[in-house]
1. Do we have any residue at all in region 46-56 that's closer than 21 Å to Cys108 by Cβ and of a type in the set (Asp, Glu)?
2. Can you work out which of the residues in region 91-138 that are loosely packed, with under 11 Cβ neighbours inside 10 Å, part of a helix (DSSP H, G or I) and polar (S, T, N, Q) is modelled with the highest pLDDT?
Amino acid sequence: MDNLTQYIKMISEKIEKRMNCELKALNITASQMRILIELYNRDDAKVLMKDLEKRFNVTQATMQGIISRMEKKGYLRTEYLISDKRVKCVMLTDEGTKLAKTALEKICETHKMISSSLSDKEAEQFKTCMDKIYNAIK
């Protein structure tokens with residue numbers, strides 16, 4: 001395929017679709033999974049919603065919708081900072097922590113499936129190429 005951007009998009013959509021199918025049984029979407037994992041991997045228990053908006057490059061309304069749905073499912077909880085009631089923090093619940101661990105396992109399975117088709121050298125070359133593309137479009 002000559003159009004790299006189209007090819008990258010197709011691969012991304014295929015991975016997203018696969019992840020959504022896998023995650024359906026867990027009652028979360030790929031977007032929700034990414035947030036769970038981001039919170040799980042953070043050292044601080046409370047993460048500012050503004051930081052999540054920046055990290056995932058989404059609007060406040062989009063992040064609020066995702067967080068709200070996850071909060072209703074019992075995976076997250078939110079609270080406002082005592083020092084500034086305009087600033088909202090997001091925290092994993094115990095249920096969210098368990099789900100994040102399961103989601104990480106799903107990601108590892110997908111990573112293994114993808115990387116099994118490449119040699120170590122090809123995988124390193126692929127990463128180098130993707131880094132170059134990513135940095136070129138910043």
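1. Within region 46-56, none of the residues are closer than 21 Å to Cys108 by Cβ and of a type in the set (Asp, Glu).
2. So, considering only residues that are loosely packed, with under 11 Cβ neighbours inside 10 Å, part of a helix (DSSP H, G or I) and polar (S, T, N, Q), the one modelled with the highest pLDDT is Thr128.
Here's the yes/no breakdown for (1) free of Cβ contacts under 8 Å to residues at least 12 places away in the same chain; (2) farther than 30 Å from Ala136 by Cβ; (3) out of contact with any helix residue (DSSP H, G or I) (no Cβ under 7 Å at 6 or more places or on another chain):
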site: Cys21; (1), (2), (3): yes, yes, yes
site: Ile37; (1), (2), (3): no, no, no
site: Lys46; (1), (2), (3): no, yes, yes
site: Thr97; (1), (2), (3): no, yes, no
site: Lys101; (1), (2), (3): no, yes, yes
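The values are calculated or read from the model by the stated rules, or taken from the named source; none is laboratory data. In this text, all values refer to a predicted model and were calculated from it rather than measured experimentally. So basically every Cβ, Gly included, is an ideal-geometry build from the backbone, and we count neighbours across all protein chains shown.
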